[in-house]
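Heads up, the thing below is written out as structure tokens.
The values are calculated or read from the model by the stated rules, or taken from the named source; none is laboratory data. Given the structure is predicted, the values throughout are model-derived calculations rather than measurements. For neighbour counting, all protein chains shown are included, and Cβ atoms are generated from backbone atoms with ideal geometry for every residue, glycine included.
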Amino acid sequence: MEILAQRIKEQRLENKLKQTEVADAIGVAISTYCSYEYGQREPGATAIAKLARLFHVSTDYLLGVNEPAPGGVGKIILASKSPRRRELLKQMGIEDFKVTAPNVDESVEPGLPPADIVEQLSLRKATAAANRAGPNDLIIAADTVVALDGNVLGKPRDEEDAFAMLSALSGREHHVYTGVTVLRGGERVTRHEETAVAFRDITPEEIRAYIATGEPMDKAGAYGIQGLGALLVSGIRGDYCNVVGLPVFRLGRMLSGLGVDLLGRNQEQAMP
């Protein structure tokens with residue numbers, strides 16, 4: 001029960017959730033949830049399953065079941081809370097992985113090229129996640145930016161900022177860069193992928209209507225190609241998955257270089 005309580009608290013803090021939020025999510029009283037986290041009461045199977053789904057981890061992880069022995073096989077850790085990256089990782093055949101989102105300083109040197117920015121930030125995220133991981137765990141971290149004429153467009157501050165970004169992208173080609181770092185023990189690989197995306201001419205009315213959906217507000221460049229933002233895109237050159245947020249081809253080659261062959265293997269075989 002001690003391991004379970006410790007991991008429930010650890011996952012709540014990593015997911016930046018309040019105790020009341022977790023209690024509401026799994027449908028128990030706050031006092032009941034606190035008794036779980038303080039190790040005073042063991043949750044039932046249903047509550048454990050709900051906690052695992054909420055934290056995006058396995059029930060075995062929460063219970064401390066089948067933990068790798070020292071020097072054995074580690075876990076795969078995705079250092080990102082992006083649901084799009086989680087889905088793309090699953091698309092690659094990686095089903096059993098832990099999700100974490102380390103807080104890192106995302107400031108970079110002024111004038112740094114977009115490719116260097118995403119590589120630097122992905123490495124920073126991977127290193128921060130590795131500081132809390134086991135020596136055999138494999139960390140995957142990524143960072144994505146949109147660049148127009150070499151100028152980086154981050155997430156919009158507000159609706160007017162989103163309108164300005166989308167207006168600037170209208171009828172033009174821009175570039176999406178994603179940096180990826182794979183880290184395990186003393187092994188580290190950092191690469192980036194670049195994809196060109198062309199927008200059709202968009203009217204101000206269409207831009208306002210798209211912003212009203214709320215989709216642009218948490219995305220670099222103020223659009224999501226995997227959602228309604230696809231209606232704005234007239235074509236791409238390069239990896240579509242890179243625009244979504246994780247260059248599947250590039251990551252697959254990086255993992256292969258570390259001896260992780262995903263084709264024709266199941267999850268247990270994927271980690272040598």
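Observations, loosely collected:
- For region 134-167, a tally of residues being touching a strand residue (DSSP E or B) at 6+ places or on another chain (Cβ under 6 Å) and farther than 17 Å from Asp218 by Cβ returns 7.
- Checking Val243 against (1) part of a helix (DSSP H, G or I); (2) out of contact with any strand residue (DSSP E or B) (no Cβ under 6 Å at 6 or more places or on another chain); (3) at pLDDT 95 or above, the condition it does not meet: (2)
- Note on region 151-203: residues that are within 17 Å of Gln120 (Cα to Cα) and either of a type in the set (Ser, Thr, Tyr) or part of a loop (DSSP other than H, G, I, E, B) (or both) amount to 5.
For (1) in contact (Cβ under 8 Å) with a residue 24 or more places away in the chain; (2) part of a helix (DSSP H, G or I), each residue gets a yes or a no:
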| site | (1), (2) |
| --- | --- |
| Ile3 | yes, yes |
| Val28 | no, no |
| Ala49 | no, yes |
| Tyr61 | yes, yes |
| Ile77 | yes, no |
| Ile94 | yes, no |
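- From Lys16, Lys90, Lys75, residue being modelled with pLDDT under 90 and either assigned by TED's automatic domain parsing to the domain that holds Asn136 or buried (at least 18 other Cβ atoms within 10 Å of the Cβ) (or both): Lys75
- Test: residue in region 121-144 that is over 17 Å from Arg184 (Cβ atoms), assigned to a loop (DSSP other than H, G, I, E, B), of a type in the set (Ser, Thr, Tyr) and out of contact with any Pro (no Cβ under 6 Å at 6 or more places or on another chain): no
- For Arg188, the criteria (1) under 21 Å from the mean Cα position of the chain (by Cα); (2) free of Cβ contacts under 8 Å to residues at least 40 places away in the same chain hold in every case but one, which is (2).
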